[in-house]
Amino acid sequence: MILANENFGKLQSSYLFSEIAKRVAAYQQANPEVKIIRLGIGDVTLPLAPACLEAMHKAVDELGHEATFRGYGPEQGYGFLREAIAKKDYQARGCDISASEIFVSDGSKCDCANIQELFAQTLRIAIPDPVYPVYVDTNVMAGRTGPAVDGRYEGLHYLESTADNGFVPAPPEAPVDLIYLCFPNNPTGAVATREQLKAWVDYAKANKALILFDAAYEAFIRDPSIPHSIYEIEGAKDVAIEFRSFSKKAGFTGVRCAFTVVPENLVAYAKDGSEIRVHPLWNRRHTTKFNGVSYPVQRAAEAVYSSDGELQTTEQVDYYLGNAKLIRKGIEALGYACVGGDNSPYIWVNVKGDSWAFFDRLLREAQVVTTPGAGFGRCGEGYVRISAFNSRAKVEEAMARIAKALRA
Ligand code: PLP
C-alpha cells in the first residue's frame with residue numbers, strides 16, 4: 001500500500017495568495033468595468049536592466065556555436081558568478097566569504113525550503129511571526145511539527161514581531177536549535193541593527209544553534225548603519241547560512257537566480273556531540289538534487305555586478321523605494337501607523353482592526369489589492385502589507401483612491 005506523507009494534511013488550508021486571488025477574481029467578475037491596482041504580491045514590474053539583457057543575449061548566442069556551446073554546468077554555479085558574488089557582495093563589505101562558499105540556485109524560495117533537509121527531525125525551531133510562509137510550511141511537510149492549533153503549529157517556537165519590539169524579535173529565553181531570520185523583513189519591512197543581529201549571533205554561539213538568514217531584500221537597504229549581511233557581524237560565519245536572490249535586486253523573479261552562502265567551517269552536531277561540517281552536506285544535496293542554473297541566466301546575473309549593471313539595478317530599486325516612500329507618506333497622512341518602506345519595498349500598516357476586513361474594504365472602495373497581515377501569522381492580524389512593486393503612475397493612482405476611500 002502506498003502510504004502518503006500525512007504531514008501535508010496538517011498544512012493550514014488555502015495558501016494566502018490563492019485566497020487573495022479568489023477574492024480579487026470574484027470582485028472583478030462582479031465589477032468587470034473597474035480597473036484594479038495590485039499592491040499585493042511582491043513581484044517586480046520593471047523590465048530587465050539593459051546590461052543583464054545584453055549579457056543574456058550574448059550567452060544565448062554562444063550556445064548556438066559549437067565552439068562556445070555549453071551543456072551541464074557545475075551544479076554549484078559557474079566560477080565567474082560565484083567569484084563576482086564573493087567579491088562584490090561580501091569581500092567589498094569586509095566579509096570574509098570566498099567563491100567556494102557560494103551555491104548558485106534557481107531561487108531563494110527553494111533554498112529556504114530545502115535547507116532543513118540537512119538537519120535532524122527533533123530540532124527546536126524558532127520562526128518569526130509574522131513570517132514568509134515557506135519556512136513554516138516546509139518544516140510542517142517534513143514532519144517537524146504537530147498539528148496547527150488556533151493558527152499555530154505545535155512544536156514550533158514563534159518569535160513574535162510586534163510594535164512593542166519594533167518588529168525585530170530578540171533571542172528567546174528558551175533554547176532553540178534552528179532560527180529563521182529575515183531582514184529586511186517580509187512582510188513587515190523592518191530592518192535589524194548591528195546590535196540586534198549581534199545578539200542573535202551570540203545566542204546561536206552560546207546554544208550551538210544555527211541561524212538561517214534570509215536577505216532576499218538586502219538591495220533595498222539605504223541606511224548605512226544597517227548590515228547588508230549577517231556576516232558583517234563578528235563570529236556569524238560560525239553560526240549562520242545566508243540566502244540572497246536576484247529576484248528583487250535585479251528583477252529576476254521570472255528569470256530565476258539566487259544563491260546560498262554556506263561557510264566552509266560552519267558545523268552542526270552528531271548525537272554524540274561531534275562536529276559535522278555543513279558545507280559538504282549542502283554540496284552533496286545540491287549536486288544530487290539540482291543540475292545548475294542555465295548559462296545565459298548566470299551570465300545575466302554576473303552582469304548585475306558590472307558597472308552598468310550596478311547602476312541600472314540600483315536605479316530600479318531606487319524607483320521602487322520612491323514608490324514605497326509615497327505609499328508610506330500617504331498612509332501616515334491618513335492617520336495610520338506603519339513601518340517599512342524606507343529600507344524595504346514593503347509597508348506594514350496598522351489598520352486598527354481586522355486585516356481581512358481592511359483588505360476587503362480597500363478592494364471594494366479603492367479597487368486596490370493589498371495583502372492581509374493575518375495571512376502571515378497570528379501577529380499579522382490587525383495589519384496589511386502594501387507592496388511598492390508597481391509603476392509610479394499606478395502607485396499614485398492607488399494612493400489617491402485609498403485616500404478618498406479612507407477619508408469618506
Ligand atoms: N525570501 C523572501 C523573504 C521572499 O519574500 C521571497 C520572495 O518573495 C523569497 C525568499 C523567494 O525569492 P526567489 O524569487 O529567489 O525564490
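Of note:
- Residue pairs, from the table Lys35/Lys249; Lys249/Lys352; Lys10/Lys271; Lys198/Lys394, whose Cα atoms sit over 30 Å apart: Lys249/Lys352; Lys198/Lys394
- For Tyr180, net neighbour charge (Lys/Arg +1, Asp/Glu -1) across residues whose Cβ lies under 13 Å away: -4
- Cα shape, the chain, gyration tensor, a/c 1.5 rule: oblate
- Backbone phi angles across the stretch 107-116, fed through the Karplus curve with coefficients 6.51, -1.76 and 1.60 (θ = phi - 60°), yield HN-Hα couplings of x, 5, 4, 5, 5, 4, 6, 7, 4, 4 Hz in residue order; Gly and Pro are listed as x.
- Fewest-first sequence of Ser274, Ser108, Ser344 by Cβ atoms within 10 Å of each Cβ: Ser274, Ser108, Ser344
- In terms of its C-alpha gyration tensor, the stretch 179-268 comes out oblate, because a/c is 1.5 or above while a/b does not outweigh b/c.
- Put simply, the amide H of Ala337, placed in the peptide plane, has neighbours under 5 Å in Asn350, leaving out anything fewer than 5 places away on its chain.
- Spatially, the stretch 163-198 and the stretch 236-253 are offset by 17 Å when compared through their Cα centroids.
- From least to most packed, judged by other beta carbons within 10 angstrom and beginning with the fewest, Cys110, Cys257, Cys379 follow the order Cys110, Cys379, Cys257.
- Centre separation in Å (Cα based) which lies between the stretch 351-395 and the stretch 29-98: 29 Å
- Converting phi to 3J(HN,Hα) with the Karplus coefficients 6.51, -1.76 and 1.60 and the offset θ = phi - 60°, the stretch 86-100 yields 4, 6, 7, 7, 10, 4, 5, 9, x, 9, 7, 10, 10, 4, 5 Hz in sequence order, with x at every glycine or proline.
- Magnitude of the charge dipole for the stretch 133-259, about its Cα centre and with charges confined to Cβ atoms of Lys, Arg (+1) and Asp, Glu (-1), is about 500 debye.
- Burial ordering of Ser18, Ser247, fewest other beta-carbon atoms within 10 Å first: Ser18, Ser247
- Cα gyration tensor, the stretch 228-353 - rounded (a/c under 1.5), prolate or oblate: oblate
- Estimated vicinal HN-Hα couplings, Hz - the stretch 74-84 in sequence order (Karplus 6.51, -1.76, 1.60; Gly, Pro = x): x, 4, 6, x, 5, x, 4, 7, 4, 5, 4
- Rounded to 5, percent antiparallel among DSSP beta bridges of the chain: 55 percent
- Relative contact order of the chain: 23 percent, from C-alpha pairs under 8 Å at least 6 residues apart in sequence.
No lab work stands behind these numbers, since they all come straight from the coordinates. Just so it is clear, the model here is predicted, and its values are computed rather than measured. All Cβ positions, even for glycine, are placed from backbone atoms using ideal geometry, and neighbour counts span all protein chains on display.
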